[in-house]
Amino acid sequence: MDKISSVTGVGVPFRRSNVDTDQIIPAVFLKRVTKTGFDDALFHGWRQDPGFILNQPAYQGARILVAGPDFGTGSSREHAVWALRDFGFDVVLSPRFADIFRGNSGKQGLVAGQVPESDIERIWALLEEEPGREMTVDLESQTVTVGALSIGFDIDAYTRWRLLEGLDDIALTLRNEQAISEFESRRERWRPRTLPVRQSAGAE
Amino acid sequence: MNSATQKPRTLAEKVWDDHVVVKGENGEPDLIYIDLHLVHEVTSPQAFDGLRVAERPLRRLDLTIATEDHNTPTLNIDRVIADPTSRLQIDTLRRNAEEFGVRIHSLGDKEQGIVHVVGPQLGLTMPGITVVCGDSHTSTHGAFGSMAFGIGTSEVEHVMATQTLPLKPFKTMAINVDGTLRPGVTAKDIILAVIARIGTGGGQGYVLEYRGSAIRALSMDGRMTICNMSIEAGARAGMVAPDQITFDYVEGRDHAPTGQDWEDAVAYWKTLPTDEGAVFDAEIFIDADELEPFVTWGTNPGQGVSLSQPVPGPDDFDDPHEKVAAERALQYMDLVAGTPMKDIRVDAVFMGSCTNSRIEDLRAFASIIKGQRKADGVRVMVVPGSARVRLEAEAEGLDQIIKDFGAEWRFAGCSMCLGMNPDQLAPGERCASTSNRNFEGRQGKGGRTHLVSPLVAAATAIRGTLSSPWDLSIDTAFAPTEEVQA
């Protein structure tokens, strides 16, 4: 994963709450077996409407999505994060993220920054005043800057550290290989095993 | 540890504590051991790829099992899958399973089915374990008193490589449901009412524990329905404390412990229920006596009302986001505020999904439609959760009741719960569905979904408008009590 410290780019005032991952990328686009090529699928349903904000010329090349509360609810599909990344987004700001979406973001270099609702409203107002305006999200100082407005955002300290360092989760965990093996040696016998396959004589 | 001095703990805390491999310090997450990893075709290909690129083996094949469900057709399952992209994804899973040595149950196999139906029926899902799957409805397995949650593909790869996940501890929320459900009111109505109460974000950061006499009275199938939809309230996991009903369900299944292992397991499982005096971070109370059949009207699972109510409008909400969401939802759903829910006509009824496709769900559905004919012009599809459930239903003659009713009896899979396989709504079509998500386009582009219980699905299939068994003139065990009519 690449290191991320600061993102400057066009911000999108995305006035929607409860944006579920089925809207971010409908299931029909989940059939790919690769991690890329999802940019056309992003918000596919909504993009059919020519008036949809991401279809407006001012927001082409946008890097920061500023959304309402409960972003990324529903399905666990990491494809939602891949699609946002493929489209060009490096940051999503929202007052509240769904847990799984937030976790997936941190693992794919998408900054999911939590900003209080009142601040989101202020950012929306500034971005709408001047569509296509650039803003900066600085991970180092945990600040969002739009013109003269500068506010803080929340992100889990561990996720922030991993993003700043560009660290691979699995490699980090494997540093604990010995602890994992020791834990495994203590596991009770009754715990489930999928192998060898056990089968009852007949149907129940 | 001295139990006399130990702080009382909740069920979730106990299961968590017993899976900590490395305790996180200075804000780092705990490293949690995963007992069971369920795999399906949609969220695994990129994870297997990751292992290959890093030249890592899959650490514990004996704790991993795969099945095919999201993409699979529910008709003509012996033929080559028509959609080439679906076929590629299924073929990729089969190739990966073979290359890495993962146990797989493919289309046509007796154990194939929706991943969350397969785990419990094989006896792999049991109390006190951790279960993950690249699917948000993994919360289903929490019904056994396990800690079960959905993960993204990066985490799928992480579990494959390490059998662990770095996780921050969750907060806990008690959902107390006391009282007695009236006939015709089911587990599905409880969970829809819970989601309407706390909202789709209300459970974020929490593990929900469903408690109280109404939960204790439920069968395992009912408890699974409730835990399944915890994610629709924003909670990654939902749990029910294990009891004799749980033990009886698990005992004797293919992979259930036997002999001394069984004795040891049950002795441990009995220690799991939340201690007297344990404190939850949040708590809500639901009166089971008051509940009625419930149905959603909007485009998120929190937008639900009792079936006896009218369609709400933006003015019924104080929160500005909810107002806007209601407006948008009414437009998408093509509904007018104030219309009685029961006047809403449907084009389709879908009976299936990991929420409601187990044998009891099919029995409940069949009990209402037995000897009836479906409403004209309504397409009714019944999809068992697994090949085994299908066989079981056929052994009981449920398939015949379903066919005589005029409904389609299909093979197992996720089917019309999500628009990923051939079973989809056409644009503008309206469906009463026993599934879990009423998001825009979830059941097919432009499709409109009302989430309901199997009993409401059955009554709706008979009348053609959203209905509960209370609305049927036929003599059933679900006739309303007088106070309900009043």
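Table for the structure above
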read-out: For A:Gly152, residues with placed amide H under 5 Å, excluding near neighbours; value: A:Val144
read-out: Carbon + sulfur, % of accessible area of the stretch B:18-61 - ligands and nucleic acids excluded, 1.4 Å; value: 46
read-out: Distant-in-sequence amide H partners of B:Thr274 (H built 1.01 Å from N, under 5 Å); value: B:Leu11
read-out: Along each principal axis, Cα extent of the stretch A:92-146, largest first, Å; value: 33, 21, 20
read-out: Dipole of chain B [Lys/Arg +1, Asp/Glu -1 at C-beta], most positive-end residue of B:Ser415, B:Ile34, B:Val132; value: B:Ser415
read-out: Distant alpha-carbon pairs in the stretch A:56-204 (separation over 21 angstrom), percent; value: 56
read-out: Cα Rg, Dmax (largest Cα-Cα span) when computed across chain B, Å; value: 21.9, 68
read-out: When each of B:Lys7/B:Lys171; A:Lys3/B:Lys171; B:Lys374/B:Lys403; B:Lys23/B:Lys171 is checked by Cα-Cα distance, pairs over 19 Å; value: A:Lys3/B:Lys171
read-out: Bins of 10 Å from zero: percent of alpha-carbon pairs in the stretch A:124-204; value: 12, 22, 19, 15, 13, 13, 6, 0
read-out: FRET E, pair A:Val197, A:Arg15, Förster distance 51 Å, beta-carbon r, rounded to 0.05; value: 0.45
read-out: q = 0.17, 0.20, 0.23 Å⁻¹, the stretch B:415-465: log10 I(q)/I(0) [Debye, one scatterer per Cα]; value: -0.45, -0.61, -0.79
read-out: With every protein chain in place, the stretch A:50-184: carbon and sulfur % of accessible area (1.4 Å); value: 46
read-out: Debye intensity ratio I(q)/I(0), log10, the stretch B:339-486, q values 0.12, 0.13, 0.20 Å⁻¹ (C-alpha model); value: -0.44, -0.52, -1.20
read-out: Estimated FRET transfer efficiency (B:Lys403, B:Ser473; beta-carbon r; R0 22 Å; 0.05); value: 0.40
read-out: Buried solvent-accessible surface, both chains (B, A), 1.4 Å probe, Å² to nearest 100; value: 6400
read-out: Dipole in debye (nearest 20) - the protein assembly as shown, about Cα centre, beta carbon charges: Lys, Arg +1; Asp, Glu -1; value: 1180
read-out: Estimated FRET transfer efficiency when R0 is 22 angstrom, pair B:Glu55-A:Glu177 (beta carbons, to 0.05); value: 0.90
read-out: The stretch B:287-386, relative contact order in percent, only Cα pairs under 8 angstrom and at least six apart counted; value: 23
read-out: Convex hull (Cα only) mean projected area of the stretch B:1-53, reported in nm² to one decimal; value: 6.4
read-out: Per-residue HN-Hα couplings for the stretch B:461-470 [Karplus 6.51, -1.76, 1.60; θ = phi - 60°; Hz; x = Gly/Pro]; value: 5, 6, 8, x, 10, 3, 8, 10, x, 5
read-out: Accessible area of B:His255 in the full protein assembly, 1.4 Å probe (Å², nearest 10); value: 10
read-out: Distant alpha-carbon pairs in the stretch B:278-355 (separation over 20 angstrom), percent; value: 44
read-out: From phi via Karplus (6.51, -1.76, 1.60), per-residue ³J(HN,Hα) for the stretch B:306-321 in Hz, x at Gly/Pro; value: 5, 4, 7, 8, x, 5, x, x, x, 5, 7, 10, 8, 5, x, 5
read-out: Portion, in percent, of the accessible area of the stretch B:308-396 that falls on carbon or sulfur, probe 1.4 Å; value: 47
read-out: Average Cα contact separation per residue, chain A, under 8 Å, 6 or more apart, as relative contact order %; value: 25
read-out: Heavy-atom accessible area order for A:Lys3, B:Lys374, B:Lys188, B:Lys445, largest first, 1.4 Å probe; value: A:Lys3, B:Lys445, B:Lys374, B:Lys188
read-out: Summed residue charge, Cβ within 11 Å of B:Ala337's Cβ, Lys/Arg positive, Asp/Glu negative; value: -3
read-out: Convex hull volume per residue for the stretch A:5-131, taking Cα atoms only, in Å³; value: 98
read-out: Viscosity 0.890 mPa s, 25 °C: Kirkwood-radius Stokes-Einstein D of the stretch B:322-372 over Cα pairs, µm²/s; value: 176
read-out: Karplus-derived 3J(HN,Hα), 6.51/-1.76/1.60, for each residue of the stretch B:415-427, Hz, glycine and proline x; value: 6, 7, 5, 9, x, 10, 10, x, 7, 9, 7, 7, x
read-out: Residue-count net charge about A:Ile53 - beta-carbon cut-off 12 Å; Lys, Arg +1, Asp, Glu -1; value: +1
read-out: Accessible area per residue, Å², the protein assembly as shown with all protein chains present, probe 1.4 Å; value: 36
read-out: Quotient of C-alpha Rg and 2.2 N^0.38 Å, computed over the stretch B:381-457; value: 1.13
read-out: Pairwise label distance in nanometres, B:Asp376 with B:Ser308, each label 7 Å out on the Cα-Cβ vector; value: 3.2
read-out: Among A:121-131, B:146-156, A:6-16, the order from most to least packed when residues are scored by Cβ within 10 Å on average; value: B:146-156, A:6-16, A:121-131
read-out: Charge tally in the Cβ shell below 15 Å around A:Arg32, where Lys, Arg are +1 and Asp, Glu are -1, A:Arg32 excluded; value: -3
read-out: P(r) tail fraction, the protein assembly as shown - alpha-carbon pairs more than 52 Å apart, %; value: 6
read-out: For B:Ala237, distant residues with modelled amide H under 5 Å away; value: B:Leu208
read-out: Value in Å of the Kirkwood radius, where the stretch B:35-146 supplies the Cα pairs that are averaged; value: 14.6
read-out: Cα point-scatterer Debye curve for the stretch B:96-218, base-10 log of I(q)/I(0) at q = 0.14, 0.22 Å⁻¹; value: -0.76, -1.47
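The values are calculated or read from the model by the stated rules, or taken from the named source; none is laboratory data. What you see is a predicted model; the values in this text were computed from it and never measured. Here the Cβ is made from the backbone with ideal geometry for all residues, glycine too, and neighbour counts use every protein chain on show. Side chains are part of the model used for accessible areas, which takes the heavy atoms of the whole protein and leaves out ligands, DNA and RNA. Shrake-Rupley method; radii C 1.70, N 1.55, O 1.52, S 1.80 Å.
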